[in-house]
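A.B. asks: Pasting a structure below so you can have a look.
The values are calculated or read from the model by the stated rules, or taken from the named source; none is laboratory data. What you see is a predicted model; the values in this text were computed from it and never measured. Here the Cβ positions follow ideal geometry from the backbone for every residue, glycine too, while neighbour counts run over all protein chains shown. Remember, those area values only see protein heavy atoms, side chains included, never the ligands or the DNA or RNA. Shrake-Rupley method; radii C 1.70, N 1.55, O 1.52, S 1.80 Å.
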Amino acid sequence: MNRWLAAVPRAVVMQPTTQCLPMDCAYCYLPLREKKHLMTVEVARAVAASVNGWAADDPAFEVVWHGGEPLAAGREHLAALMAPFEGVKHSVQTNAALVDDAWCGFLLEHDVAVGVSIDGPADMNTRRVTLAGRPGFHVAMRGIDRLRRHGIPFSAIAVVSDLDPANAARFYEFFAELGVTTLGVNVEEEEGVNLSVRAVDTARAADFWAALADAWRADPVVRLRELQRVLNFAGAVLQGEGTAPLPASAPWDPLPTVAYDGGVVMLSPELAGFTDDRFGDFTTGNVLRLGLDVLVTEAEERTPWISEFWKGVDACRAACPSFAFCGGAHPANRYFEHGGRMDGTRTRYCTTAKIALLEGVTRHLRTHAR
C-alpha cells in the first residue's frame, strides 16, 4: 500500500538516448550525455504494456521523451520506440539543434508536442555551448526557425543561472516575440555533475520573480508556468483548499522515469544514471523484469531512499511556513545538496524557485490589487 504516491501516474518520462548532441551545457547534471546508449524497443514495449491501460482511462496521459537529446536517437529509432504506445500524448523536450525539415515532418506526422530548451537572448545563453565549445544560441535558433516555418507550436524551458531582476523584462520579451505557448523557468540547480551553482540571494530572487510577473502583466501572451502555479495556489487558498498539509491533500505523482536500459526512477528524473553506496542506482526496478504498473504500486516498498525522503518532507512540513505551496524540497536537490541524505530540508532550489517565487509573485499581486 502506497503511503503518499498516487497509484497511477499522469505521465511517464522516457530516455530514448543518453547522448546530448551537439550540446554540452555547463549546468547540465547528466552523467552520460557524451555516450550513445540507446533504449531498446523491448524496453518501450514493456513500458507500453502498462501505459496503454492507464491511457485508456486518461486521454491526457503523456509520454515525455527526454534525454539526453531525444532527437539524437534518430527518426527511425524514435518512431520504433513510439510505436507500441496507444492512446497517449507524445511530447519531446529538445535543444532544437537537430531540428530540420525532415524532423518537422516527423513531429507533425506523429502529432508530437514540442518543448524547446533555450535560456533567453544570446547573452543569457552563455552556459549553453556545443561539444566544440562554441555558443549554442544560433544553433538552437535555426531549429526554432524551422519549427515556426512549419507552423509547429512549441513551449520553452529556460534555465536561469543569474536571477537578476534587471534582466527579467528582456528575458520575458524574448519568449513573447519567439511565440512560445508556455514558458517554464528552471533556476540552475546543484545536482548531478553540476556543482558550480551561484550562492543564494533570496531577496534578489524574489525581486526577479516580481519583475517577471510585471513583464507578463504588460504583455500576457505567454503562459508563464511559475506564475500560474502561484495563481492556482492563491485560488485554492481563497476557496479554503490550499492550507491542508501536502501531500495528504494530493498524493505525489510518482512520475516514473524509464532510463535507456529499462531501469525506473520514481519522483526525480535527475537521479537516473547515478549510484550511491546506500541506495544503489536509485531505481525501483527494471521494466524488463517486472511490469511498470507493479513497480509504481509497490514503489515505496521496493525503493529504500523514498522512506528517507518522506522523513525530509515531514521535516519541511514542521518547519517551513511555505510548505503548503512548496510541498517539500525535491529528492535530487536534497540528495546532492545535503551530502547524500534525503531527509534534509531547505535547498537552494526550494529557496529560489519556490519560496522566493511565492514571495515575489505575491508582492506583484498585492501591488496590482490596489
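A.B. asks: Please name all residue pairs, on different chains or six or more residues apart, with Cβ atoms under 7 Å, provided the first residue is in the range 202-229 and is farther than 18 Å from THR351 by Cα and the second residue is open to solvent by 50 Å² or more (accessible area, probe 1.4 Å) and acidic (Asp, Glu).
C.D. replies: Listed pairs, sorted by first residue: ALA215/GLU173.
A.B. asks: Could you please let me know if THR362 is touching a residue at least 12 places away in the same chain (Cβ under 8 Å), within 23 Å of ARG225 (Cβ to Cβ) and buried (at least 19 other Cβ atoms within 10 Å of the Cβ)?
C.D. replies: No: the conditions fail for THR362.
A.B. asks: Suppose the filter is in contact (Cβ under 8 Å) with a residue 24 or more places away in the chain, aromatic (Phe, Trp, Tyr) and open to solvent by 30 Å² or more (accessible area, probe 1.4 Å); does TYR260 pass it?
C.D. replies: Numbers: in contact (Cβ under 8 Å) with a residue 24 or more places away in the chain: yes; aromatic (Phe, Trp, Tyr): yes; open to solvent by 30 Å² or more (accessible area, probe 1.4 Å): yes.
Taking the combined requirement at face value, the residue satisfies it.
A.B. asks: Now a separate question. Consider ILE152 against the criteria (1) assigned to a loop (DSSP other than H, G, I, E, B); (2) out of contact with any Pro (no Cβ under 8 Å at 6 or more places or on another chain); (3) open to solvent by 40 Å² or more (accessible area, probe 1.4 Å): it satisfies all of them except one. Which criterion is unmet?
C.D. replies: Result: ILE152 passes all but (3).
A.B. asks: Just to check your reading of the model, which residue among VAL139, VAL116 is closer than 19 Å to THR181 by Cβ and either aliphatic (A, V, I, L, M) or part of a strand (DSSP E or B) (or both)?
C.D. replies: VAL116
A.B. asks: Just one of the numbered conditions (1) at pLDDT 95 or above; (2) closer than 30 Å to PHE137 by Cα; (3) in a loop (DSSP other than H, G, I, E, B); (4) of a type outside the set (S, T, N, Q) is not true of PRO9; which one?
C.D. replies: It is condition (2) that PRO9 fails.
A.B. asks: Something else about it: Among the candidates ARG363, ARG334, ARG346, which residue alone is within 18 Å of the chain's Cα centre (by Cα), of a type in the set (D, E, K, R), closer than 20 Å to VAL187 by Cβ and modelled with pLDDT under 95?
C.D. replies: Checking each option against the conditions leaves just ARG334.
A.B. asks: Any residue that is under 30 Å from THR347 (Cα atoms), open to solvent by 10 Å² or more (accessible area, probe 1.4 Å), among the small types (Gly, Ala, Ser) and outside any loop (DSSP other than H, G, I, E, B) - is there at least one of those in the range 171-193?
C.D. replies: No, because not a single residue in the range 171-193 is under 30 Å from THR347 (Cα atoms), open to solvent by 10 Å² or more (accessible area, probe 1.4 Å), among the small types (Gly, Ala, Ser) and outside any loop (DSSP other than H, G, I, E, B).
A.B. asks: State yes or no: is ALA329 assigned to a helix (DSSP H, G or I) and either at pLDDT 90 or above or buried (at least 23 other Cβ atoms within 10 Å of the Cβ) (or both)?
C.D. replies: Criteria not met by ALA329.
A.B. asks: What's the number of the only condition in (1) of a type outside the set (D, E, K, R); (2) buried (at least 22 other Cβ atoms within 10 Å of the Cβ); (3) without any contact (Cβ under 8 Å) to a residue 40 or more places away in the chain; (4) outside any strand (DSSP E or B) that TRP103 fails to meet?
C.D. replies: Condition not satisfied by TRP103: (3).
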